Structures are given as C-alpha cells and as structure tokens.
Amino acid sequence: MDKTAKVDIKSFNNPDEVRIFPNGRLELINVAGSEIGRAIFEPGWIWSKSVQPLVQTCSCEAPHFQYHLSGQLAFKMDDGKEYICKPGDVSWFPSGHDAWVVGDETVEVVDFNGMSDYANELKVLVKEHAEQIRTSEEQRKLILSSVNDGIVGLDNDGKITFINPAAHSMLGYTEKEMIGKEMHLYLHQKYPDGIVLPMEECSMYKTSKDGISRTVDNELLWCKDGSTITVEYSTTPIIQNQILSGVVVVYRDITDRKKAEKISQQQQHEIDQQKQFVQTLLDSQEQLIITTDGETLVTANETFYDFFAIDSIEDFIKEYESKCICETFNVNAPEEYLQVKMGENGRESWIDYVISRSYGHTHKAMISMGSSDFIFSVTAAKLPGEEGLKSAVFTNITEMEKAKQEIEAVNKHTRESIEYASLIQGALIPDNNVFKHYFADYFTIWQPKDIVGGDIYLFEELRDKDECLLLVIDCTGHGVPGAFVTMLVKAIERQVISKIENDENIDVSPAWILSYFNRTMKKLLQQETEESVSNAGFDGGIIYYNKKENIIKFAGAETALFYIEDEELKTIKGNRHSIGYKKSDGNYEFKEHIIEVKEGMKFYCTTDGYLDQNGGEKGFPMGKKRFASLIIENQHETFAKQQELLLYKLQEYQVNEETNDDVTVIGFKI
C-alpha cells in the first residue's frame with residue numbers, strides 16, 4: 001500500500017473542463033490521475049453525423065467503459081450488430097462503432113475510458129466549427145461587399161440591423177449613419193408621384209409582420225442629399241426557430257433604366273408615327289407595293305387591294321386561291337416575263353431573281369384579269385431588320401407598253417428610273433461589290449438623318465466595263481421630301497446612262513451631265529420662273545473613271561473632290577452653283593477637271609452633312625479642315641479602317657448635338 005497517496009475528490013458540478021458540441025456537452029474531471037467524463041447527448045445526436053465528418057474515420061475508434069444514468073443510447077458495431085443501453089447499464093464497447101440517441105429523452109452517461117479520446121475529437125470539432133464560422137463570416141462580408149445591389153437587414157420594428165457597402169454608398173450615407181434607423185421613415189416615405197407612402201402600405205413593413213416575400217418594381221428611396229433614386233426591390237423574411245425575426249431587403253437602382261424606358265417609349269412612338277406615315281405614303285402610290293418572302297404575301301398597299309378588288313390579304317388568298325402575287329402571273333406570258341420560279345433550272349424565286357439582277361434590267365410581269373392582260377414593271381429590294389422579307393413594287397405599264405415601241409430605246413432608262421423612284425429608297429443604293437471591279441480599295445458611308453433621306457450615291461458601269469460613273473448627290477432637305485427628289489435624280493440619271501450606252505462615240509462629260517441635270521430638273525419641277533411653287537434641287541459631284549485610259553473627270557456643284565497623290569492632299573473645288581433650283585441658271589456651264597491617275601491615288605467625295613455637323617466644345621461645324629486632316633492623317637490605313645475612323649470621329653465630335661443632315665462619304669483607291 002502506498003501510504004503517501006492522497007485522497008482526491010472531484011464533482012461534475014464543478015468539472016475541470018467543459019466542451020460544448022452539437023446536440024450535447026462533455027464534462028471532464030481528473031481524479032487521482034484518471035480522466036473521467038460525463039457526456040450529455042440531446043435527442044438527435046448521432047456520432048456519424050456530428051463527429052465522423054471531422055475526424056474522417058469510418059467509425060469511432062475510441063473504446064468506451066460507461067455507466068448509463070438516463071436515456072437510451074444505441075450502438076452499432078462495424079460487424080453490424082446493434083445494442084441499446086438503458087439507465088443502470090454498465091457497458092464496454094471496443095473501438096469500431098457508431099452511436100446515437102434513441103427517442104426524445106436526453107442521454108447521460110459516465111465514461112471511465114474513452115472520453116479523453118472523444119474529448120480530443122470534440123476539440124477538433126470545436127476548432128473546425130470555429131474556423132468554419134470565421135470563414136463563413138469572411139465570405140459573407142466579401143460577398144456583400146462585392147454585390148452591386150443594396151442589401152439591408154431589418155428587425156421586426158423596421159430598424160436597420162446590417163447593410164452592405166453598395167446599399168449605403170448608393171444613398172450617400174455611411175454604414176454608421178444607417179444602422180439602427182427605421183428604414184421606412186428614413187429612406188422610403190413617398191411614392192414616385194410624391195404622395196406620402198403610409199407605413200402600413202410599405203412592402204418592407206408588411207413582410208416584417210406577415211413573413212410573406214414581396215417584389216416591388218418602381219418605388220423611391222431618398223438619398224442623404226435630398227435627391228431620390230428609383231429602385232426595384234424584394235423582401236425576404238428571416239425565420240429563426242420558426243419565429244419571424246426580421247426582413248432582408250435587396251434593392252437595385254433602376255433610375256437610368258427608367259429614363260431609358262421613357263426614351264424608348266418616345267422612340268417607339270416616333271417609330272409608330274413614321275410607320276403610319278410610310279404606310280400612308282405607300283397607300284397614296286399608284287404602284288402595287290407588297291412585302292413578301294417570295295412565296296407568301298405579308299403586306300400590301302391600297303392600290304394592290306383596288307387592283308384585285310379585295311379588302312384584305314385574306315380576301316386575296318380566298319378569291320384568287322393564291323398565297324402570293326406571283327401565283328397570279330400569267331404562265332403564258334412571253335419568255336422574259338417573271339414566273340413563280342426563275343433562273344437556271346427554276347432554282348430562284350421570282351423576287352430573288354429580280355433583286356440579284358436589278359442593274360441594267362427591266363423585269364416585267366403579266367397579270368391577266370378576265371380578258372385583259374396587265375403588264376407591270378417590277379423592282380424589288382431586301383428589307384433591313386426583317387430576315388427574309390423583301391419589298392416589291394409593281395408599276396402598271398400596260399398602256400406604256402402598247403405605245404412605246406418607237407421610243408423604247410430613248411425612254412427605257414427614264415421609265416426604269418421612274419419605276420425605281422417608287423421603291424424603298426434603299427433599293428436605289430448600288431451593291432458595293434460593283435466597286436471591286438474598278439478600285440483597289442473603297443468605302444461607302446450612307447447615313448440618312450431620318451428613315452429616308454435626301455442624300456444618295458449612284459454608281460453605273462458604262463459600255464465596255466472599263467468606264468464607270470459615280471454620282472454623290474445631296475438633294476433638298478432630308479427625310480421624305482429629300483427622298484422624293486432622290487427618286488427624281490435617279491430617273492434623270494437613267495436618261496443620261498441611256499444616252500451614253502446608246503452612243504459608243506459619246507465623250508462622257510461630268511460637266512455636261514450636271515448641266516443636263518440642271519436643265520431637266522428645272523423643267524420637270526416647273527421651276528423655270530421665280531413664280532414657281534416648288535424650289536427643289538441638289539448639290540453634288542460627278543466622277544467619271546476610265547480604267548483603260550487612266551483618267552478621272554470631275555465636275556461639282558457646290559461639292560469638292562479631295563484626293564491624295566504622293567501623300568499630298570489636293571482639293572478640287574466644285575462650281576458655286578446648285579442644280580435645278582429656281583435661281584439656278586438653266587444655261588450655266590460647269591467646269592470639268594481631268595486628272596491623270598496612277599496606282600495608289602486615293603479619292604474622297606462627301607456631301608455637306610459630314611462637314612456641317614455641329615459639335616465640339618462650341619457647337620461649331622466639323623468643317624472641311626477637320627475632314628481633310630482626318631483623310632491625310634489616316635491615308636495609310638485600309639479604307640475599311642478609314643470608314644470606321646471617319647464615323648468614330650464624327651460621333652466623337654458630335655457628342656450630344658442633334659444630327660444636322662444626311663451623311664454620305666465615298667472613298668476609293670486606284
């Protein structure tokens with residue numbers, strides 16, 4: 001017997017160490033060098049869920065020698081055998097088992113062996129849990145600080161308990177200034193129309209009382225400086241232990257979006273007005289104007305309805321058993337007339353055939369009504385913004401076909417020009433691919449101020465394909481009035497081309513062409529006297545290029561030609577005389593300039609829309625000097641890049657100024 005040993009008495013009422021764990025606690029005492037533990041397990045405690053994920057062993061590796069005080073504790077050994085220990089039992093379980101509380105009664109045991117190991121497991125558990133809490137808190141702060149939306153937590157009285165940086169900075173406050181404030185009274189007291197928003201109508205307040213989530217898409221929050229922001233927000237109740245303890249409010253500043261929506265609505269209203277105007281304009285035309293995908297009729301104007309004696313497209317389909325106007329084409333018409341399918345082996349639809357062969361061709365269709373055959377000239381164009389949708393214009397030329405045999409050669413191009421004048425203006429613009437045959441590089445800029453414009457450029461191949469003619473025209477005004485003048489310009493241009501193509505010996509003269517335009521427009525518009533009602537005309541430049549002879553001829557009416565030779569910019573000023581106006585001299589002779597060209601020379605022609613655009617700090621026009629500087633500074637860039645730079649610089653200079661006029665700039669390289 002060791003007579004030096006001392007009495008040692010400990011009580012679990014005053015344990016040496018206490019460790020709290022999920023669904024329980026562990027009290028440890030050390031008596032005479034031996035560690036004894038009292039464990040208390042609440043209902044729902046399971047070793048494999050509370051401890052195993054942390055220690056990462058398949059089962060508990062600590063043996064247990066226990067006296068069971070209360071509750072029932074179940075054990076399952078690794079071999080599958082299960083045991084249940086009840087109050088009064090003394091048990092020994094080796095390592096390799098799972099354990100859990102049975103029923104709803106708390107389990108209390110005294111363990112004489114194994115609790116030290118379990119305590120170490122709990123120590124790991126507590127450490128890991130604390131680390132998880134710390135990591136979770138850091139993640140929460142990081143997430144809240146990185147979110148652009150405002151996030152605010154409210155208690156049941158509507159007072160702010162937490163707030164992320166976006167929320168208080170959006171309103172101009174600091175976090176300290178907002179914590180503890182009643183959000184509704186502090187920030188949310190009025191509707192967008194200025195009417196006071198009662199507390200009981202506030203969605204934040206309602207959620208704090210009934211626990212129902214809500215979404216609001218157009219209310220105001222008041223900033224520190226007295227201004228407001230328009231927000232959309234959602235409210236989410238905070239439920240803890242089935243008790244409503246607060247609300248989370250997530251809001252987003254939609255002030256700019258609301259402004260954009262208002263602008264969009266205004267723009268849509270303008271578009272609707274423009275559509276109505278265009279439809280009224282189409283209905284007033286004598287031509288049959290339709291839109292189609294080539295097989296199915298989509299829209300038609302009043303002239304179409306009148307011609308077929310129907311009131312709607314549905315009536316047309318029913319009355320004529322046809323889905324499209326092409327199904328009414330006379331199949332017995334001459335070979336060159338349009339049919340439903342065209343081209344080699346009938347692979348193209350009639351409208352695609354017309355579009356792909358628009359230059360130098362007159363397409364005709366015959367529609368028979370009873371005993372009468374009606375002949376129409378047909379032009380067509382692809383419509384922007386509607387995939388696969390095209391527009392076709394049918395001009396009734398029945399009487400003209402009967403009467404024009406002797407004057408066919410002279411009037412053919414004039415008639416085509418008049419027919420083209422009825423097309424959607426975009427159909428008049430040449431296919432840019434034709435430029436590739438004549439120039440090493442090129443660009444075209446054509447930007448009407450409105451849906452249609454008074455600017456137009458035309459390009460024609462002449463005779464032996466070594467000659468071409470480029471017209472850059474700025475007609476009176478912009479919008480619809482200017483567009484009508486462009487159609488007249490196209491009609492006269494066809495007359496000019498007819499004369500050139502029917503006379504191989506004619507010397508193409510841009511100066512003569514301008515004079516011809518001048519006389520013809522004054523006559524057609526009856527503007528030969530000061531008493532004339534209308535006063536329409538144009539400014540423009542005409543460029544004739546003979547690739548074989550390496551010459552360019554230029555004549556301009558209030559329009560200049562810029563060109564670069566040997567890296568030096570040169571300018572040819574046009575005559576200070578416009579075309580076709582009442583004050584224009586019908587006998588005026590324009591000066592013609594001839595330039596011998598060589599490879600690498602670059603030419604530019606622009607209407608005044610680019611030059612006269614207001615902008616900059618003082619709202620002054622862009623001007624010829626800035627335009628010339630842009631050309632010379634970027635002369636070594638490709639023309640595609642030059643086009644991009646010209647448009648960018650125009651937009652940059654314009655800033656918030658309204659667009660003055662249509663813009664057309666053509667550039668090409670020999």
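The values are calculated or read from the model by the stated rules, or taken from the named source; none is laboratory data. Note that the structure is predicted; figures quoted are calculated from it, not measured. Using ideal geometry, Cβ is built from the backbone for each residue, glycine included, and neighbour counts are taken over all protein chains shown. Side chains included, ligands, DNA and RNA excluded: accessible areas come from the protein's heavy atoms. Shrake-Rupley method; radii C 1.70, N 1.55, O 1.52, S 1.80 Å.
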Neighbours by Cβ (under 7 Å, 6+ apart or cross-chain): first from region 469-493, closer than 26 Å to Phe668 by Cα; second surrounded by fewer than 24 Cβ atoms within 10 Å (Cβ to Cβ) and of a type in the set (D, E, K, R): Leu469/Glu460; Asp474/Asp539; Asp474/Asp608; His478/Lys449; His478/Asp450; His478/Asp661
Sole residue being surrounded by 18 or more Cβ atoms within 10 Å (Cβ to Cβ) and of a type in the set (A, V, I, L, M, F, W, C), chosen from Ala483, Ala440: Ala483
Where Gln447 falls short, out of the listed (1) under 22 Å from Gly574 (Cβ atoms); (2) buried (at least 17 other Cβ atoms within 10 Å of the Cβ); (3) not hydrophobic (A, V, I, L, M, F, W, C): (2)
Single residue of Asp79, Asp98, Asp104 found to be at pLDDT 90 or above and open to solvent by less than 70 Å² (accessible area, probe 1.4 Å): Asp98
Residue that is closer than 30 Å to Asn535 by Cα and of a type in the set (A, V, I, L, M), where the choices are Leu561, Leu569: Leu561
Matching residues in region 178-219 - criterion: being of a type in the set (Gly, Ala, Ser), farther than 21 Å from Ala167 by Cα and modelled with pLDDT of 85 or more: Gly211
Listing of strands (runs of 3 or more DSSP E) fully contained in region 527-577 that carry 1 or more residues being closer than 28 Å to Val480 by Cβ: 538-546, 551-557
Unique residue being farther than 24 Å from Gly477 by Cβ and either open to solvent by 30 Å² or more (accessible area, probe 1.4 Å) or without any contact (Cβ under 8 Å) to a residue 24 or more places away in the chain (or both) when the list is Glu599, Glu558: Glu599
Restricting region 627-658 to residues that are assigned to a loop (DSSP other than H, G, I, E, B) and open to solvent by 50 Å² or more (accessible area, probe 1.4 Å), the residue that is nearest to Ala483 (Cα to Cα): Glu658
Selection count, region 39-67, where residues are buried (at least 20 other Cβ atoms within 10 Å of the Cβ) and assigned to a strand (DSSP E or B): 5
Per-region count, region 230-265, residues surrounded by 14 or more Cβ atoms within 10 Å (Cβ to Cβ) and of a type in the set (Asp, Glu): 2
Selected residue [modelled with pLDDT under 90 and among the aromatic types (Phe, Trp, Tyr)] from Tyr353, Tyr337, Tyr359: Tyr359
Enumeration of residues in region 497-526 that are open to solvent by less than 40 Å² (accessible area, probe 1.4 Å), over 17 Å from Gly586 (Cα atoms) and either hydrophobic (A, V, I, L, M, F, W, C) or not in a loop (DSSP other than H, G, I, E, B) (or both): Ile497, Ser498, Ile500, Val508
Close pairs from region 36-50: first more than 11 Å from Gly24 (Cα to Cα), partner at pLDDT below 90 and open to solvent by 50 Å² or more (accessible area, probe 1.4 Å), Cβ under 6 Å, at least 6 apart: Ile36/Phe112
Every residue from region 341-358 that is in contact with a Phe, Trp or Tyr (Cβ under 9 Å, 6 or more places away or on another chain) and touching a residue at least 24 places away in the same chain (Cβ under 8 Å): Trp350, Ser358
Every pair of residues 6+ apart whose Cβ atoms lie under 8 Å, when the first sits in region 565-592 and is within 16 Å of Ala555 (Cα to Cα) and free of Cβ contacts under 8 Å to residues at least 12 places away in the same chain while the second is assigned to a strand (DSSP E or B) and open to solvent by less than 70 Å² (accessible area, probe 1.4 Å): Lys570/Phe562; Lys570/Tyr563; Lys570/Ile564
Residue match in region 153-168 (condition: part of a helix (DSSP H, G or I) and either aromatic (Phe, Trp, Tyr) or touching a Lys or Arg at 6+ places or on another chain (Cβ under 8 Å) (or both)): no
Residue in region 185-229 that is farthest from the chain's Cα centre (by Cα), counting only those that are open to solvent by less than 80 Å² (accessible area, probe 1.4 Å) and polar (S, T, N, Q): Ser208
